[in-house]
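To keep things clear, I will list the structure first and then write my remarks on it.
The values are calculated or read from the model by the stated rules, or taken from the named source; none is laboratory data. It should be emphasised that the depicted structure is a prediction, and the values quoted were computed from it without experimental measurement. Neighbour counts are summed over all protein chains in view; Cβ atoms, including those assigned to glycine, are modelled from backbone coordinates with ideal geometry. The area values use the complete protein model at the heavy-atom level, side chains included, leaving out ligands, DNA and RNA. Shrake-Rupley method; radii C 1.70, N 1.55, O 1.52, S 1.80 Å.
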Amino acid sequence: MPHVHLSRKHKKGGPAVRREPVPRARSGFVGRRWERTGTEPVTARSALGLRLLLSAFFTPLFVAAAVLFAVWSVQSGPGSSPTSSQLAVLAGVCAALAVFSAADLIVVLRRRRRERPSRGSAR
């Protein structure tokens, strides 16, 4: 079923005006939000390979840093520098970056799987 955009008047309560279907190739999670304006290249693509490489490299790095800072925070004494709370904040920041990087890794893998034809299908 083709995706059809409606005009802005329909969204505000006006009459619905149908437009041409927008192809879903290279679309986002829900679909294209806007039609092409003509200013972007027709063959514009996201750098999924680079995003995959960066996410695959930084996810374990941030997880390891979060664990390291958490262990260091637990083992630090009352008069140590950096303080236990500063190390805990660093562990939390690294954990948040690890979650963000892992989520990006999942998105990139799903998008690559969706956009590439399966090995058993005819090309």
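Figures for the structure shown
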read-out	value
Surface share of carbon and sulfur [accessible, 1.4 angstrom probe, percent] for the stretch 46-123	71
Dipole of the stretch 54-123 [Lys/Arg +1, Asp/Glu -1 at C-beta], most positive-end residue of 101, 63, 90	101
Relative packing of peptides 91-102, 46-57 - highest average C-beta neighbours within 10 Å first	91-102, 46-57
